[in-house]
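Read through the structure below, which is laid out as structure tokens, and then see the notes.
The values are calculated or read from the model by the stated rules, or taken from the named source; none is laboratory data. Owing to the predicted nature of the structure, the values given are computational and were not obtained by experimental measurement. For neighbour counting, all protein chains shown are included, and Cβ atoms are generated from backbone atoms with ideal geometry for every residue, glycine included.
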Amino acid sequence: PRASRALGKPTGGEGGVCLLVSTARHRPGAKYQLRENIDQLFTKFVDEGKATLRLKEPAVDICLSKANVSELRTFLYAVKLAHQGTKEETLPLSKLVTPKASEVEKAKTKMTITSKKDYPLTRNFPYSLEYLQASYCKLARIDMRMLCLRSLRKLDLSHNSIKQLPATIGDLVCLQELNLQDNQLESFNVALC
């Protein structure tokens, strides 16, 4: 599940800098002391938003992924300084509080929209979607935001008014099923196979 992380001092100010890792399953999270407690930092893929912290006590690996690259670099630098015992006043620390549910919720993989009034106009679709149904929404064309959903396996756009497919529909490399039943397709000149 998706997790949130924060560097800070425990409530009451006792002890050194801690790393708080919270997940959807355990929102209060686990606190890990950092001073002289990093066994190894794996940063080979930091440019892809990935890194791993290997702690000595407890002996755990904390894997970070899908992170903003510049934020991840700053975070890892602060972790390294906390491990070395750098003065806390110089570190970018935050208050260690239990995150909101929305900050650690599981990535959404399924979305069903069956009316025009429920169709998201002002916000993007979650990038983690694997199944998207947008039926009875009176769509005249395929929403270009759908073409950014790289994990999409099943796309159901039945019962709309779609007349043609965009040439970029083939960019959805994971797409296994496309339902265009009861639309107004005029031509089908896109190679999907």
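Only one of the numbered conditions (1) assigned to a loop (DSSP other than H, G, I, E, B); (2) more than 20 Å from Thr86 (Cβ to Cβ) is violated by Cys63, and that is (1). Every test in (1) farther than 24 Å from Gly29 by Cα; (2) at pLDDT 80 or above is passed by Thr86 save one, and that test is (2).
Here is a yes/no grid of residues against (1) under 20 Å from Lys66 (Cβ atoms); (2) in contact with a strand residue (DSSP E or B) (Cβ under 8 Å, 6 or more places away or on another chain):
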site: Tyr119; (1), (2): no, yes
site: Leu155; (1), (2): no, yes
site: Leu165; (1), (2): no, no
site: Val173; (1), (2): yes, no
site: Leu180; (1), (2): no, no
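Among the residues that make up the stretch 104-113, is at least one of them more than 30 Å from Thr23 (Cα to Cα), modelled with pLDDT of 90 or more and exposed (fewer than 12 other Cβ atoms within 10 Å of the Cβ)? There is no residue in the stretch 104-113 that is more than 30 Å from Thr23 (Cα to Cα), modelled with pLDDT of 90 or more and exposed (fewer than 12 other Cβ atoms within 10 Å of the Cβ).
From the list Lys44, Lys138, the lone residue that is outside the structural domain of Asn179 (by the TED database), part of a loop (DSSP other than H, G, I, E, B) and at pLDDT 90 or above is Lys44. If you go through the stretch 159-193 and keep only what is on the phi < 0 side of the Ramachandran plot, part of a loop (DSSP other than H, G, I, E, B) and surrounded by 16 or more Cβ atoms within 10 Å (Cβ to Cβ), you end up with Asn160, Ile162, Gln164, Leu165, Leu172, Leu175, Leu180, Asn183. Return yes or no: is Lys66 under 30 Å from Arg153 (Cβ atoms), surrounded by fewer than 16 Cβ atoms within 10 Å (Cβ to Cβ), at pLDDT below 85 and not assigned by the TED database to the domain that holds Leu155? Taking the combined requirement at face value, the residue satisfies it.
When the stretch 122-144 is filtered for residues that are over 13 Å from Ile169 (Cβ atoms) and not hydrophobic (A, V, I, L, M, F, W, C), the ones remaining, listed by number, are Thr122, Arg123, Asn124, Pro126, Tyr127, Ser128, Glu130, Tyr131, Gln133, Ser135, Tyr136, Lys138.
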